[in-house]
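Nothing in this text is a laboratory measurement; each read-out follows from the coordinates by a stated rule. Bear in mind the structure is a predicted one, so any value in this text is a computation, not a measurement.
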Amino acid sequence: MPPNPPPRRQAPANSRPYPALACLSDQDFNAIAHLVESHTGIHLGQAKRNLVISRLSRRLRALGLGDFSQYVTLLCSGRADAELVEMINQITTNKTDFFREPHHFKFLSEQVLPTLENQAPRLGPKHLRAWSAGCSSGEEAYSLAMTLEQFCSPRPGLTWKLLATDLDTNMLRLASSGCYLHEQMAKMPRELLFKYFHRRRESGGYVYEVKPYLRHMISFGKFNLIHAGYPRRTPLDFIFCRNVLIYFDGPQKQAIVEKFVDSLRPGGWLFLGHSESLLHTNRKLLCVGPTIYRKP
C-alpha cells in the first residue's frame with residue numbers, strides 16, 4: 001500500500017487570510033483611488049489595481065486587518081490621519097537608481113552647466129539653483145549634487161544649491177540620511193564612490209554614506225506638486241521631475257508643467273522621464289533633447 005499522505009498543516013486559529021485580487025472590490029478600489037487623488041492629485045486607473053493590492057497588502061498585515069473593506073473603513077473614519085499618510089507613502093514610492101537615464105546627466109554636464117558658466121562673467125558670480133522634484137530615496141538628488149560639484153568646484157565663479165522634494169515622508173527620511181547599501185552602489189563609478197561617500201561595515205554588510213559637505217548642499221522637504229508654493233522668488237536654472245507626471249491625468253500634468261515653467265528663469269531647463277514627452281502639448285517649452293525642454 002502507498003504510504004499515507006502527510007497530514008495537512010492547519011492554519012493557526014487566530015490567523016486571517018491576507019488580501020488577494022478578489023478581495024479588492026471595485027467599491028474599495030474606487031474609495032482608495034478617490035482618497036489618493038483628493039490628497040495628492042495622483043490618478044489611479046484600473047491599470048494600477050495590482051500595484052494598489054501589492055503595496056497596501058503590507059499595511060493590512062501590519063494592522064492585522066483581514067480585507068480591504070476594513071482598511072477603507074479605517075481610512076475613512078476620520079481617526080486615521082497617520083495611516084492615511086502611510087497609505088500615500090506606499091502608493092507613491094518609486095524605484096530609482098544613481099544616474100538613472102544617464103543621457104540627462106551627460107546633457108547637464110556638457111550643455112547646461114557650460115552654458116551657465118559662460119553667462120557668469122557677464123552676469124557676475126553665478127549661484128546655480130536646481131530642483132529634484134520627486135526625489136524618492138535620494139539617488140537622483142545626490143547624482144545631481146555630484147554632477148554639480150564636479151563641475152563647479154574648480155570654478156570659483158560658480159556656486160550651487162539643490163532643492164529635493166517628495167510626497168513620501170519615508171523616502172525623504174532615507175534621502176536625507178544619505179545612507180545606501182552596497183548593492184545600491186553597484187553602478188557607481190569608483191572615483192565618485194571614493195570621493196563622495198564614506199564606507200562603513202555593519203552587521204548586514206557595507207553601508208555607504210554621502211559625505212556631510214555634499215549632503216548639506218541639498219535641502220530636502222515634503223512637497224505636493226498639486227499645491228501652490230512652487231519656488232518663484234529666485235527662478236531656478238533647471239528642474240528634474242522624472243517618472244512622476246505619469247501618475248497624473250492630462251489636466252493635472254499640464255497644470256504642474258505650467259508651474260514648473262513659472263519657476264524656471266528664462267532659458268532654464270526641464271528634464272522629464274523617458275515616457276513623459278510634452279511634444280505638441282506645451283508651447284511655452286522648446287524640446288532640445290530626449291525629454292529635455294527649455295524655456296525660451
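Which number gives the lysine pairs in the chain that have C-alpha atoms under 16 Å apart and are eight or more places apart or on different chains?
Lysine pairs meeting the criterion: 11.
Output the Cα-based Rg and Dmax of segment 23-111 in Å, rounding Rg to one decimal and Dmax to a whole number.
Computed over the Cα atoms of segment 23-111, radius of gyration and Dmax are 16.6, 54 Å.
Expressed as a rounded percentage, what relative contact order does the chain have, with Cα pairs under 8 Å and six or more residues apart?
Reported as a whole number, the value is 15 percent.
Using the Kyte-Doolittle scale, find the helices of the chain whose mean hydropathy is at least 0.0 and whose Cα atoms extend 24 Å or more along the helix's long axis, counting only whole DSSP H runs.
Length and hydropathy pass: none found.
Hey, what D do you get for segment 197-296 in µm²/s if you plug the Kirkwood alpha-carbon radius into Stokes-Einstein at 20 °C and 1.002 mPa s?
Calculated translational D: 137 µm²/s.
Compute from the Cα atoms of segment 98-180 the Rg and the Dmax, the latter being the longest Cα-Cα distance, and quote both in angstrom.
Cα radius of gyration and Dmax of segment 98-180 are 13.7, 43 Å respectively.
Which of (i) 200; (ii) 120; (iii) 140 is the computed volume of the Cα convex hull per residue in Å³ for the structure on display?
Matching entry in (i) 200; (ii) 120; (iii) 140: (i).
With each run of n ≥ 4 DSSP H residues scored as -39500 (n - 2.57), what mean residue ellipticity at 222 nm is computed for the chain after dividing by its residue count and rounding to the nearest 500 deg cm²/dmol? Present the calculation step by step, with values, prior to reporting the outcome.
Numbers: 11 runs with 115 residues, N = 296.
About -11500 deg cm²/dmol.
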